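The values are calculated or read from the model by the stated rules, or taken from the named source; none is laboratory data. It should be emphasised that the depicted structure is a prediction, and the values quoted were computed from it without experimental measurement. Methodologically, a virtual Cβ is constructed for each residue, glycine included, from the backbone with ideal geometry; neighbour enumeration extends over all protein chains shown.
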Amino acid sequence: MSAAGSLAVAELTWAAVRREVVERLTVVGAASPVAEAQWLVEEAAPDLDAPVTTRSLAHLDAMLARRESGEPLQYVLGHWAFRTLDLLVDPRVLIPRPETEMVAGEAIDELRRLGGRLVVDLGTGSGAIALALAAEVTTAEVWAVERSADALAVARANLAGIGRAGARVRLVEGDWLAALPDELRGAVDVIVSNPPYVADDDELPSEVRDWEPVSALLAGPDGLDDLRHIVADAPAWLRRPGTLIVELAPAQADAVRALALEAGFDEAEVRHDLSARQRFVVARLR
Ligand SMILES: C[S@@+](CC[C@H](N)C(=O)[O-])C[C@H]1O[C@@H](n2cnc3c(N)ncnc32)[C@H](O)[C@@H]1O
């Protein structure tokens with residue numbers, strides 16, 4: 001921190017340090033400088049009443065330099081909240097989003113409604129949806145599929161962090177439903193996925209395009225390549241009654257609903273996120 005240059009560390013307070021962080025984040029155009037400064041300072045100094053130390057200041061400075069270079073706050077902090085969990089996140093995985101917390105909530109409700117146990121999370125990334133299901137539904141048996149070995153390493157670390165619930169989660173490396181053992185065919189209660197759904201030439205904010213894994217985002221010319229694949233294959237793996245829940249971009253909702261009915265689902269509903277945008281489809285086999 002430049003404040004450390006003009007003041008002795010012993011004279012600094014965390015409140016003064018935070019003010020400087022807000023200023024520096026404002027200069028680089030961070031979207032929420034005050035909130036971000038709070039996150040960064042609390043990461044460097046869990047006890048804000050404790051004295052400012054050279055070591056914690058150096059930690060803060062290193063984080064701030066990364067944030068100033070455009071790296072997303074979540075990667076700089078190295079962890080982020082998802083429902084009841086605090087997940088490790090780094091550039092090997094997509095940063096879990098609030099709308100995906102709703103998708104996980106829908107899967108939890110659906111599993112309970114069906115009185116089911118067996119649930120599959122396709123494209124688990126950090127493990128967000130799969131681990132939330134295991135943590136919140138104590139009877140759930142969760143299979144989590146991921147194609148990227150790098151992402152799977154992050155999911156494995158997060159699995160180790162959820163305690164006993166982790167014993168009910170299996171992580172599998174591979175391609176969508178084909179990664180599952182054959183005996184699960186026709187036996188799964190709920191399949192849930194937040195797959196890549198961005199069209200190849202869609203504009204993305206630079207914080208996303210430059211830092212988050214492209215293989216977690218892009219899905220062909222209309223962004224539907226992976227959704228088409230998952231929706232078409234899901235009925236063969238679900239039992240009756242059984243449910244598929246997929247996250248998508250608002251403009252894809254009607255197409256995915258139609259794809260679900262074509263694939264043999266008996267009903268398919270579009271649901272909205274907190275900003276009232278069409279955000280996921282719930283498709284059911286009765
Ligand atoms: C949008 S990210 C979602 C990550 C996480 N579920 C979440 O919601 O934060 C999509 C994930 O699907 C994975 N993926 C892409 N293609 C895949 C495939 N063919 N089979 C399995 N996983 C795949 C990506 O590596 C990425 O982790």
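Count of the stretch 178-194 residues, restricted to those that are buried (at least 22 other Cβ atoms within 10 Å of the Cβ) and under 13 Å from Gly123 (Cβ atoms), is 4.
Beta carbons closer than 6 Å, at least 6 apart along the sequence or on distinct chains, pair a first residue in the stretch 195-208 that is in contact (Cβ under 8 Å) with a residue 60 or more places away in the chain and surrounded by 13 or more Cβ atoms within 10 Å (Cβ to Cβ) with a second that is part of a loop (DSSP other than H, G, I, E, B) and not β-branched (Val, Ile, Thr) for Pro195/Gly123; Pro196/Leu217; Pro196/Ala219; Glu207/Pro72.
Does Arg117 satisfy the criteria of being in contact with an Asp or Glu (Cβ under 9 Å, 6 or more places away or on another chain), within 14 Å of the ligand (Cβ to nearest atom) and touching a residue at least 60 places away in the same chain (Cβ under 8 Å)? No: the conditions fail for Arg117.
Specify the residue that is farthest from the ligand (Cβ to nearest atom); the eligible residues are those in the stretch 192-211 that are modelled with pLDDT of 95 or more and assigned to a loop (DSSP other than H, G, I, E, B). So the residue we want is Tyr197. Scanning the stretch 212-232 for residues that are under 16 Å from the mean Cα position of the chain (by Cα) and either among the basic types (Lys, Arg) or not in a helix (DSSP H, G or I) (or both) yields Glu212, Pro213, Leu217, Leu218. Residue count for the stretch 147-176, restricted to those that are near the ligand (Cβ under 9 Å from one of its atoms) and either of a type in the set (Lys, Arg) or outside the structural domain of Ala216 (by TED's automatic domain parsing) (or both): 1. Against the conditions (1) assigned to a helix (DSSP H, G or I); (2) under 25 Å from Leu204 (Cα atoms), Arg113 satisfies every one except (2). Checked against the criterion of being in a strand (DSSP E or B) and either within 15 Å of Asn194 (Cβ to Cβ) or assigned by TED's automatic domain parsing to the domain that holds Asn194 (or both), the stretch 254-263 has no qualifying residue. Assess whether Val52 counts as being assigned by TED's automatic domain parsing to the domain that holds Asp210 and either among the β-branched types (Val, Ile, Thr) or within 16 Å of the ligand (Cβ to nearest atom) (or both). So Val52 fails the test. Of all the listed residues (Leu152, Leu94), the sole one being farther than 20 Å from Phe280 by Cβ, surrounded by 16 or more Cβ atoms within 10 Å (Cβ to Cβ) and not hydroxyl-bearing (Ser, Thr, Tyr) is Leu152. Looking at Trp211, Trp237, just one residue is in contact (Cβ under 8 Å) with a residue 24 or more places away in the chain and either over 23 Å from Arg185 (Cα atoms) or small (Gly, Ala, Ser) (or both), and that residue is Trp211.
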